[in-house]
2 protein chains.
Amino acid sequence: MNRQQIIEQIKKKQSFLAIGLDTDINKIPKHLLKYDNPVLEFNKQIIEATQDLCISYKINTAFYECNGIKGWQALIDTFKYLPQDTFSIADAKRGDIGNTSSMYAKAFFDPAASEMDFDSVTVAPYMGEDSVKPFLDFEGKWAILLALTSNSGSHDFQQLKDGDKKFFEWVIEKSSQWANADKLMYVVGATRGEGFLDIRKYAPDNFLLVPGVGAQGGSLEDVCKYGMNKDCGLIVNSSRAIIYASAGEDFAERAREEALKVQQQMRNELQKIHF
Amino acid sequence: MNRQQIIEQIKKKQSFLAIGLDTDINKIPKHLLKYDNPVLEFNKQIIEATQDLCISYKINTAFYECNGIKGWQALIDTFKYLPQDTFSIADAKRGDIGNTSSMYAKAFFDPAASEMDFDSVTVAPYMGEDSVKPFLDFEGKWAILLALTSNSGSHDFQQLKDGDKKFFEWVIEKSSQWANADKLMYVVGATRGEGFLDIRKYAPDNFLLVPGVGAQGGSLEDVCKYGMNKDCGLIVNSSRAIIYASAGEDFAERAREEALKVQQQMRNELQKIHF
């Protein structure tokens, strides 16, 4: 899915919501455990209940890998179930030397090799240009580079400062020389809305993938106030607050209600930029 | 495998070699393609031919993930084939917010969940303390944190400087407050031997996992001169130079010859510290 198609989906659905399928078999409703693959069944019902309200699904690969071969199969099956009109994110936070990153890119972008054909992968920047480039080299695919994350540990290294720029600002500034806003997005945490002003200095045009709204305490209004650009430029993720809204048989229905609340807030924000 | 056991293996085998199973189906000898799982067959023969010469096998997960479900199965099967007396490394370069890192730790450390029970995982430091801790919380397991890598992109961010310390030095200094040398190792590239002096300032006791000797141009002698400590403190990895020494039917025999050359050099170095 290219940039223009993402923007069209945002306009059509009046939403820039990504729903995170961080599906933990210990947290899903008990009545699903009778299915052959409870995680897949959970994901299917969540997707069916929410797909008109979100423009993206983000699959956190860790939650699948931890279940071994069965988990990896659930990852592939969930990928196959994602609607064509949503932007798919493999939230895998990969990154290694060049030839190894090429293998990771194949794992998520080359269906002939791996049965998966995600639109994007999240990538860790620590190892620099040759660790990121292989993801950018795939035609029509996106790399979503970690910049400023929303966890407590983000203060340990991302905020170190060399000269006039913090480390995460160096990440954005340097990486924007490797690819433009048609190929590259950034992960930017939402715990402090004004922080988006700093990000937009270096990445005025890029889409930003924003976790940390809701459960992690960020305010959607602030994120939009400081982070939105003329193309919207935001994909805001919510995982637990939506998918675990209920642990009962009504989980999908309740997930839809939560997604709808977020989508309605987003519609208000989109009206401000005349979308 | 704990620190003392690693040291005993080094003394016994007179080696601190890790062999990297970066097994690419396009590079293995053609006669193996007749097997059900050529990658696994290749790995088995390499392991059988080299296990008395190395103390560790490092499995690069990317090379398995890129083959989808079959690849993940080959990863599990290769893990199961690793000799008990070798230190096993899942070279996965994972790292995410706390609860997600816990899932990655389970994926490689909890055989009840994933069928894999590696001794260690390589971890990317960018997201800070809560992204690393879950790996350290596993009893008897190791986290091997990326510090200074040997690829060209290592100059992009790892060498940025805040105050008197470079970014990779901050990584070592801060992380050494999270765990001691019984739980934590660092990845340190070998392209410049004297660089190990800086590393040893911050990590005098830790084992260092050293890629980049051989194919990537580092000198084993320099690495030992500047990086060895009284417990050896080094695990030096070689992948391609050993496993792809021949593309013919003699590949395992030739891999053994290459491993033996490295082991003999290592024996010389170990004599200098009376091991």
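For region B:168-201, a residue qualifies if it is under 18 Å from the mean Cα position of the chain (by Cα), modelled with pLDDT of 95 or more and open to solvent by 50 Å² or more (accessible area, probe 1.4 Å), and exactly one does: B:ASP182. Might you let me know whether region B:151-169 holds any residue that is touching a helix residue (DSSP H, G or I) at 6+ places or on another chain (Cβ under 7 Å), within 14 Å of chain A (Cβ to nearest Cβ) and within 29 Å of B:PRO111 (Cα to Cα)? Within region B:151-169 (the criterion being touching a helix residue (DSSP H, G or I) at 6+ places or on another chain (Cβ under 7 Å), within 14 Å of chain A (Cβ to nearest Cβ) and within 29 Å of B:PRO111 (Cα to Cα)), the answer is no, since none of the residues qualifies. Against the condition within 24 Å of B:GLY98 (Cα to Cα) and open to solvent by 10 Å² or more (accessible area, probe 1.4 Å), how does A:LYS93 come out, does it pass? Spelling it out, A:LYS93 is indeed within 24 Å of B:GLY98 (Cα to Cα) and open to solvent by 10 Å² or more (accessible area, probe 1.4 Å). Only residues that are in a loop (DSSP other than H, G, I, E, B), at the interface with chain A (Cβ under 9 Å from one of its Cβ atoms) and small (Gly, Ala, Ser) were counted across region B:106-150, and they come to 3. Only residues that are charged (D, E, K, R) and open to solvent by 40 Å² or more (accessible area, probe 1.4 Å): list them for region A:42-79, please. Matches in region A:42-79: A:LYS44, A:GLU48, A:ASP52, A:LYS70, A:ASP77.
Kindly indicate whether any position in region A:218-235 is charged (D, E, K, R), surrounded by fewer than 16 Cβ atoms within 10 Å (Cβ to Cβ) and not in a loop (DSSP other than H, G, I, E, B). Yes, because at least one residue in region A:218-235 is charged (D, E, K, R), surrounded by fewer than 16 Cβ atoms within 10 Å (Cβ to Cβ) and not in a loop (DSSP other than H, G, I, E, B).
When the criteria are applied in full, B:PRO211 fails the requirement of being surrounded by fewer than 21 Cβ atoms within 10 Å (Cβ to Cβ) and within 22 Å of B:MET1 (Cβ to Cβ). Candidates are the residues of region B:41-71 that are more than 26 Å from B:GLN264 (Cβ to Cβ), under 19 Å from the mean Cα position of the chain (by Cα) and of a type in the set (A, V, I, L, M, F, W, C); the one that is nearest to the other protein chains (Cβ to nearest Cβ) is B:ALA62. Within region A:1-41, the residues that satisfy the criterion of being open to solvent by less than 30 Å² (accessible area, probe 1.4 Å) and β-branched (Val, Ile, Thr) are A:ILE6, A:ILE7, A:ILE10, A:ILE19, A:THR23, A:ILE28, A:VAL39. Within region A:87-101, the set of residues being of a type in the set (S, T, N, Q), more than 8 Å from every other protein chain (Cβ to nearest Cβ) and closer than 15 Å to B:CYS66 by Cβ comprises A:ASN99 only. Kindly list, by first and then second residue, each pair from a residue in region A:247-275 that is in contact (Cβ under 8 Å) with a residue 24 or more places away in the chain and under 19 Å from A:ILE235 (Cβ atoms) to a residue that is in a helix (DSSP H, G or I) and among the charged types (D, E, K, R), limited to pairs with Cβ atoms under 8 Å and residues at least 6 apart or on different chains. Here the result reads A:GLN263/A:LYS13; A:GLN265/A:GLU221; A:GLU269/A:GLU221; A:LEU270/A:LYS11; A:PHE275/A:LYS11, each pair linking region A:247-275 to a residue that is in a helix (DSSP H, G or I) and among the charged types (D, E, K, R).
The values are calculated or read from the model by the stated rules, or taken from the named source; none is laboratory data. Since the structure is predicted, the reported quantities are computational estimates derived from the model, not experimental observations. Because the Cβ atoms are built from the backbone with ideal geometry, glycine has one as well, and the counts that use them run over all protein chains shown. For the accessible areas, the whole protein counts, side chains as well, though only heavy atoms, and no ligand, DNA or RNA atoms are used. Shrake-Rupley method; radii C 1.70, N 1.55, O 1.52, S 1.80 Å.
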